[in-house]
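The values are calculated or read from the model by the stated rules, or taken from the named source; none is laboratory data. This structure is a prediction, so every number in the text was calculated from the model and none was measured. For neighbour counting, all protein chains shown are included, and Cβ atoms are generated from backbone atoms with ideal geometry for every residue, glycine included. In case anyone asks, the SASA skips ligands and DNA or RNA and just uses the protein heavy atoms, side chains included. Shrake-Rupley method; radii C 1.70, N 1.55, O 1.52, S 1.80 Å.
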Number of protein chains: 2
Amino acid sequence: MKVSQTFIPTLREVPADAVIVSHRLMFRAGLLRRLGNGLFAYLPLGLRSLRKVEQIIREEMNAIGSLEIKPSVIVPGELWKESGRWDSMGEALLRIKNRLGADFVVSPTAEEPFTALVRDELFSYRQLPLSLYQINTKYRDEIRPRYGVMRGREFMMKDAYSFHTNDESLDDHYKDMGKAYRKIFKRCGLSVIPVKADSGAMGGSGSEEFMVESDIGDNTLLLCKICDYSANVEKAECKVDFSPRLSIDVAKAVASSTPPFEKIITPEVKTIEELCAFLKTGAKTFIKTLIYKAVNVELELTDPAAPNAAPKTFDSVAFFAVCIRGDLDVNEVKLAALLKAADVSLASEADVERLTKAPLGFAGPVGLSGIPVIADFTVTSISDGVTGALAKDLHYKHVAYGRDFQALITADLRTVKAGDLCPLCGGELYEKKGNELGHIFKLGYKYSKSMNVTYLDENGKSHLPTMGCYGIGVDRTLASVIEEHNDEDGIIWPISVAPYHVIMVPIKYEGAVKEAADKLAAELEQKGIEVLLDDRDERPGVKFKDADLIGIPYRVVIGDKNLAGETPKVEVKHRAEKESSLVEQKNAAVVLIERIRKDLSLS
Amino acid sequence: MKVSQTFIPTLREVPADAVIVSHRLMFRAGLLRRLGNGLFAYLPLGLRSLRKVEQIIREEMNAIGSLEIKPSVIVPGELWKESGRWDSMGEALLRIKNRLGADFVVSPTAEEPFTALVRDELFSYRQLPLSLYQINTKYRDEIRPRYGVMRGREFMMKDAYSFHTNDESLDDHYKDMGKAYRKIFKRCGLSVIPVKADSGAMGGSGSEEFMVESDIGDNTLLLCKICDYSANVEKAECKVDFSPRLSIDVAKAVASSTPPFEKIITPEVKTIEELCAFLKTGAKTFIKTLIYKAVNVELELTDPAAPNAAPKTFDSVAFFAVCIRGDLDVNEVKLAALLKAADVSLASEADVERLTKAPLGFAGPVGLSGIPVIADFTVTSISDGVTGALAKDLHYKHVAYGRDFQALITADLRTVKAGDLCPLCGGELYEKKGNELGHIFKLGYKYSKSMNVTYLDENGKSHLPTMGCYGIGVDRTLASVIEEHNDEDGIIWPISVAPYHVIMVPIKYEGAVKEAADKLAAELEQKGIEVLLDDRDERPGVKFKDADLIGIPYRVVIGDKNLAGETPKVEVKHRAEKESSLVEQKNAAVVLIERIRKDLSLS
């Protein structure tokens, strides 16, 4: 392809709103243009790379037996009402009413149509397992789209959904997907961090996220300095350092030497920091107590052994007191998962005052009634602590877990942070920001149940299939490739997703140089090598700058001087290398084909 | 690919709402399923064929230098407001408001984003001509979607837009497109009828539609029995048979022997039919006069020679009396084009009574004042006609054009119908129903003007580029292939768009038969032949029925009996042929590869 015959509007300037390198380079290299906020058009060069990422994904999905289909992008709202997500999905779901008043959704994800399709066609266990995928347009109504296609409104996504008769079958496919994802990202030249992740609003248990490190990442990852433990902060655990998990009996025994708890007057002291200053002690002595409001709690809460287990039916809203060691924070994702709640959030000031019968800042577990107490494991080893006394300007000291209060549930609820210890090996954890490129989940029966999918087993008995779902953001993967492969001059494409393999730069496209360039391009193209030939009437400097900017792996410079010698030569340079080398003109095609085929075979 | 490992849910029964053969067969052969009204999911087999149609289109677009890009499907409403189509497009345009109150459109066509993209990047005449296309999801909010993907709401469309400095350049590309379209449809195995079409709401002049014959076609085509004239009824012309176009002077001369016009009492006679019966004569004697309401007329209407040319400014609505010979109908598309009106429709009864000062049924041009009269050419040669007399139960007879009334404009306004004469050769015209698969237009300056696209010429002077646009419905093309290639047993795919080239049917997939089938499949696949291997444990009859239904071009049956002989054989049959032939097993791969490569090379 000749540069003059395609459309590569490179820019010297950086678009004002492009704060990350992939966004800047996608615009500058003429891969992408903006149509609206979070809406983009891929130009010819960008589309070629996008399609290559798509094709890598497609090949790896096909290789593990997932079957490509293409549902519509606009999906009847009815299907989303069946699954319940029409209501639960939040406003990122773009809902449409058409001229006849019918409801539609612009798909942000596609559990519903896939489940509906399979429901209508599934009769027998012999049809399972079944894994289907699409690579298709999606839309999420981001309030603040930014970073180019890294967080756009419309995007391309590969999403797969699998259906199984049993957990083993789901496990197998889930593992195949995990392997396929690793291959896909490796082939794209990406270093991904697979992390255990909370599956959040998607429901279900068992999930893995594929992250790339990014300063503007949405996710905080915790990684071990010693072993390969990695987790999203939403679900990260850690080794409990100086606070062993104690049972009630052990806790009571430990507390035997603690003086009885007593009131202390703490005027104008509300926060942990103020209390530390007032009592001249560290935060680890305190039992921080937070009142949480939880929506649609599905956990059974009738443990007769726990004194606070009020025999109440939880309606849509329930309140909980959550105790944690004063230096730590509650991880609300862990709390929601523990309670099997749709959502948890701190209670309002009015609710706190009503439930603790005290102003904000004086909550504590001792003597608290009416709401269940949930304690982080760290609280179980506090045998001489300080806590709010459920009255203005009053705290208790010498409070002991097990003796002075108990919890309905004890659990790991802390937000792990850098410096905490790895739950596997005890090594120190550190933090990274990450962007999610892919995510695989075990969905379980959530959709087969809500959308009533059944099959008959060998004995004619009806069952629900268990499901998995598996997504990859295609645009985001492409942008991440650029984030990882660039320098100050532009993109450095991995050959697997480069828009072209070779860029040919004739110093001046005329005479013998033109002839040599055309001939070499033809030879390469005949062997399937993708060549971009810069035939423009521009100064060599301009062409070199553009070649570096758009980052085609191999650059071949053809000039009079090198052609003129006894053994005519051309100059070959890999984009990632500083130095070029001279290759005899008559061998150039063979040398390039060999190097490119080798590069391709490694990706 | 083994049948057991893919997903081809064939059906014996015909879906109740599937009234056309492609809809029936796409469901029965497991190519497609329904997600909602006018919304479908392509299953693996259907998607393979859809992608092949896409790829054929892509290759032919690339071959004429059009460049593929990918704008978003959801497009900012702002762009549609700029072009004016936010208001003018009607309710088939799905408009969305997102959670922030911003307006969006789900693209039904994409003049706006393409024009906006080019506007932002176009500086110099040296960048032109530029032709860009996409193959992407579109949506049209059909009130009554039906016939499967033939008239769905969501669909795939190839749409190209070109930008030129002058008409010659646009002409060249328009011709290239016309040739490319012919190739595309030919490669898909389709017989298309290219017809001159009115460009309707798209604006601009010069357009060609690519139609396939279809009982449920939206379009009526007129074709000549002798030459290759073809036209959409909306724009069809015909040779004026016994009614030459007369000038005023000639008409007056012809009328010299006609008695003066006189009133006749016609009680209870309103329609042409009633009048014919009452006067015992044929409809060709009558001058039918219809009152039309036209919106946004842009034609200058100040011909001083015409007595009815009232010097009025036409606001948004104007009325016209249109006269035509009694046996003919007015073609409203021609009328709108003549008046350069956004829309024309028959005036309401109240308007007719107000403007003709008579009840409905007694309009006529004689003595009519206040509104312009437009006459079809056929009226100019009526020198002794009958017409309404602008009063209840009264007509005039002996009316002569030129003598008793004149028209502001005379024009070709008739609706051509079967039996009329070809405007080119005078042969008889006949009608066909057709479905539009593609359409190429010269848009002219409509969008470059409204969206302010400019470039600088050699002298630094600013100009608007002239534009063309070129669409193909991808799903509709696929469905039309099935409409044209099927029999009572199922689809008969042309090899170019068949989901697989070969279906292998082992009589029983075990032992030597399994071995032979696997070996042949592997040999074929190694050479790039796409093989579907029916490994199911089903009776041969079931497998044969499914093979015929899904219509893979070559069927290879492998059975014990044919393998057992001295020279082991397999049975090869083309889907379109009745008889199979025996091929030596050892030659089977070579024979099939040769035949398939030959078939492919012809398409």
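Only one entry in B:Lys598, B:Lys545, B:Lys561 is outside any strand (DSSP E or B), open to solvent by 60 Å² or more (accessible area, probe 1.4 Å), touching a residue at least 24 places away in the same chain (Cβ under 8 Å) and on the phi < 0 side of the Ramachandran plot, namely B:Lys545.
Within segment B:59-77, can you find the residues that are assigned to a helix (DSSP H, G or I) and either open to solvent by less than 40 Å² (accessible area, probe 1.4 Å) or at the interface with chain A (Cβ under 7 Å from one of its Cβ atoms) (or both)? Across segment B:59-77, the qualifying residues are B:Glu60, B:Met61, B:Gly77.
Restricting segment A:360-387 to residues that are more than 25 Å from A:Leu301 (Cα to Cα) and out of contact with any helix residue (DSSP H, G or I) (no Cβ under 6 Å at 6 or more places or on another chain), the residue that is surrounded by the most Cβ atoms within 10 Å (Cβ to Cβ) is A:Phe362. Screening the candidates B:Phe123, B:Phe114 for the property of being in contact with a Phe, Trp or Tyr (Cβ under 9 Å, 6 or more places away or on another chain), open to solvent by 40 Å² or more (accessible area, probe 1.4 Å) and not hydroxyl-bearing (Ser, Thr, Tyr) yields one hit, B:Phe123.
Going by the conditions given, is A:Glu538 assigned to a loop (DSSP other than H, G, I, E, B) and either out of contact with any strand residue (DSSP E or B) (no Cβ under 6 Å at 6 or more places or on another chain) or among the polar types (S, T, N, Q) (or both)? Against the criterion (assigned to a loop (DSSP other than H, G, I, E, B) and either out of contact with any strand residue (DSSP E or B) (no Cβ under 6 Å at 6 or more places or on another chain) or among the polar types (S, T, N, Q) (or both)), A:Glu538 qualifies.
You will find that of A:Ile593, A:Ile529, the residue that is open to solvent by less than 30 Å² (accessible area, probe 1.4 Å) and assigned to a helix (DSSP H, G or I) is A:Ile593 and no other.
Within segment B:133-151, track down each residue that is touching a helix residue (DSSP H, G or I) at 6+ places or on another chain (Cβ under 6 Å) and on the phi < 0 side of the Ramachandran plot. Those that are touching a helix residue (DSSP H, G or I) at 6+ places or on another chain (Cβ under 6 Å) and on the phi < 0 side of the Ramachandran plot: B:Tyr133, B:Ile135, B:Val149, B:Met150.
Only a single criterion out of (1) modelled with pLDDT of 85 or more; (2) under 21 Å from A:Leu328 (Cα atoms); (3) open to solvent by less than 60 Å² (accessible area, probe 1.4 Å) is not satisfied by A:Leu246, namely (1). Out of all the residues in segment B:446-455, is one or more surrounded by fewer than 17 Cβ atoms within 10 Å (Cβ to Cβ) and over 30 Å from B:Thr137 (Cβ atoms)? Among the residues of segment B:446-455, at least one is surrounded by fewer than 17 Cβ atoms within 10 Å (Cβ to Cβ) and over 30 Å from B:Thr137 (Cβ atoms), which makes the answer yes.
Taking segment A:85-187 and the helices (runs of 4 or more DSSP H) fully enclosed by it, the elements with 3 or more residues that are at the interface with chain B (Cβ under 10 Å from one of its Cβ atoms) are at A:111-121. Scanning segment A:271-299 for residues that are more than 21 Å from A:Phe377 (Cβ to Cβ) and either modelled with pLDDT under 75 or not in a loop (DSSP other than H, G, I, E, B) (or both) gives A:Glu273, A:Glu274, A:Leu275, A:Cys276, A:Ala277, A:Phe278, A:Leu279, A:Lys293, A:Val295. If you check B:Ser49, B:Ser4 for being in a helix (DSSP H, G or I), within 25 Å of the chain's Cα centre (by Cα) and modelled with pLDDT of 95 or more, only one passes: B:Ser49.
The one condition from (1) modelled with pLDDT of 95 or more; (2) in contact with a helix residue (DSSP H, G or I) (Cβ under 8 Å, 6 or more places away or on another chain); (3) open to solvent by less than 40 Å² (accessible area, probe 1.4 Å) that B:Lys183 does not meet is (3).
A search for C-beta distances below 7 Å between a residue of segment B:511-523 that is open to solvent by 50 Å² or more (accessible area, probe 1.4 Å) and any residue that is not charged (D, E, K, R), counting only pairs 6+ apart in sequence or on different chains, returns B:Ala512/B:Leu563; B:Lys514/B:Pro506; B:Glu523/B:Ala589. Taken over segment A:78-92, the criterion of being closer than 21 Å to A:Ser448 by Cα and either surrounded by fewer than 16 Cβ atoms within 10 Å (Cβ to Cβ) or not acidic (Asp, Glu) (or both) is satisfied by A:Leu79, A:Trp80, A:Lys81, A:Ser83, A:Gly84, A:Arg85, A:Trp86, A:Asp87, A:Ser88, A:Met89. Selection of segment B:402-423 for residues being farther than 12 Å from B:Pro260 by Cα and more than 36 Å from the chain's Cα centre (by Cα) yields B:Gly402, B:Phe405, B:Gln406.
Note on segment B:188-198: residues that are part of a strand (DSSP E or B) and under 20 Å from B:Gln55 (Cβ atoms) amount to 0. Scoring B:Ala479 on the criteria (1) surrounded by 23 or more Cβ atoms within 10 Å (Cβ to Cβ); (2) of a type outside the set (S, T, N, Q); (3) in contact with a helix residue (DSSP H, G or I) (Cβ under 7 Å, 6 or more places away or on another chain); (4) without any contact (Cβ under 8 Å) to a residue 60 or more places away in the chain leaves a single failure, condition (4). Taking (1) touching a residue at least 24 places away in the same chain (Cβ under 8 Å); (2) surrounded by 13 or more Cβ atoms within 10 Å (Cβ to Cβ) in turn, B:Asp537 satisfies each apart from (2).
A:Tyr430 satisfies every condition listed in (1) within 30 Å of A:Ile265 (Cβ to Cβ); (2) assigned to a strand (DSSP E or B); (3) out of contact with any Phe, Trp or Tyr (no Cβ under 8 Å at 6 or more places or on another chain); (4) hydroxyl-bearing (Ser, Thr, Tyr) except (1). The set of residues in segment A:587-603 being of a type outside the set (D, E, K, R) and over 17 Å from A:Gly189 (Cβ atoms) consists of A:Asn587, A:Ala588, A:Ala589, A:Val590, A:Val591, A:Leu592, A:Ile593. Does B:Arg12 count as assigned to a helix (DSSP H, G or I) and either touching a Cys at 6+ places or on another chain (Cβ under 7 Å) or surrounded by fewer than 20 Cβ atoms within 10 Å (Cβ to Cβ) (or both)? No; evaluated as a whole, the condition is false for this residue.
Based on this model, can you work out whether B:Glu577 counts as more than 24 Å from B:Arg187 (Cβ to Cβ), out of contact with any Pro (no Cβ under 9 Å at 6 or more places or on another chain) and surrounded by fewer than 17 Cβ atoms within 10 Å (Cβ to Cβ)? No; evaluated as a whole, the condition is false for this residue. I'm checking my understanding of the structure. Among residues of segment A:15-36 that are open to solvent by 10 Å² or more (accessible area, probe 1.4 Å), more than 13 Å from A:Ala479 (Cα to Cα) and at pLDDT 95 or above, which one is farthest from the other protein chains (Cβ to nearest Cβ)? Top of the filtered list is A:Arg28. For the condition buried (at least 21 other Cβ atoms within 10 Å of the Cβ) and within 13 Å of another protein chain (Cβ to nearest Cβ), A:Ser49 qualifies.
Among the residues of segment B:441-464, not a single one is within 15 Å of B:Leu132 (Cα to Cα), part of a loop (DSSP other than H, G, I, E, B), in contact (Cβ under 8 Å) with a residue 40 or more places away in the chain and not β-branched (Val, Ile, Thr).
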